[in-house]
Amino acid sequence: MPSNPQDLANPQRYDARSIALHWLTAGLVLVLWCVGQTIDFFPRGAPRVTMRSLHICTGVLLALVFCYRIWWRTTGGVHLPPQEGPKPLQLAARLVHWVLYAAVLTTLALGLANTWVRGDNIFNLFTIPAFDPGNRDLRETVEDLHGLCANLVLIIAGLHAAAALFHHHVLKDTVLRRMWPKSGVSR
């Protein structure tokens, strides 16, 4: 939180915790997507079990970070008003944020469902039993929906990042700097 009381009344940046949670979420989403896209490249057996386990455990970590981030956003954290500008741009920014949150939450829920439906072996330490071992259609449907939502998250996050860069380089406003770590972006 800002140390200067005047900064609390009119903050120019998000607080350090909100910024850290934002970038941690972005990094975990990117790692999860990359691992999810490459799991099947690994040979069956220990290498694939390790990659699937890494994907599942990182997904659980993202779920915990995401829950904490939502809690922090609703109970603490600096809430900045939308950047000055046309109302449709402000509305689009809010809509993209809510859609991104919903897409991440849906992807996480489908990832957990996918693990439960198919069953899995976590680092050869313990096994998650399959919900319905003989139901291949259910397994494929949940896995496909999880992958589709993960791709949607990446697309929306890419648009979100492109918009931040557009604000910084074209509109020359402070949108990107409000969420960038302190030692980062300047003009």
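Every read-out reported here was derived from the displayed coordinates using simple, explicitly stated rules and does not represent laboratory data. Bear in mind that the values here come from a model prediction, so they are computed numbers and not experimental data. Cβ placement follows ideal geometry from the backbone for every residue including glycine, while neighbour counts extend to all protein chains displayed.
Summary table below
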quantity	calculated
Where D137 falls short, out of the listed (1) over 23 Å from L30 (Cβ atoms); (2) assigned to a helix (DSSP H, G or I); (3) touching a residue at least 40 places away in the same chain (Cβ under 8 Å)	(3)
Matching residues, segment 137-187, being at positive phi and under 18 Å from the mean Cα position of the chain (by Cα)	none
Cβ pairs under 8 Å, 6+ apart, first in segment 146-162 and buried (at least 16 other Cβ atoms within 10 Å of the Cβ), second polar (S, T, N, Q) and assigned to a helix (DSSP H, G or I)	H146/T107; H146/N114; C149/T106; C149/T107; A150/T107; L152/T107; V153/T107
Selected residue (criterion: nearest to L110 (Cα to Cα)) from residues of segment 163-187 that are in a helix (DSSP H, G or I) and without any contact (Cβ under 8 Å) to a residue 40 or more places away in the chain	A164
Failed item in (1) part of a helix (DSSP H, G or I); (2) under 27 Å from R17 (Cβ atoms), with L110 passing the rest	(2)
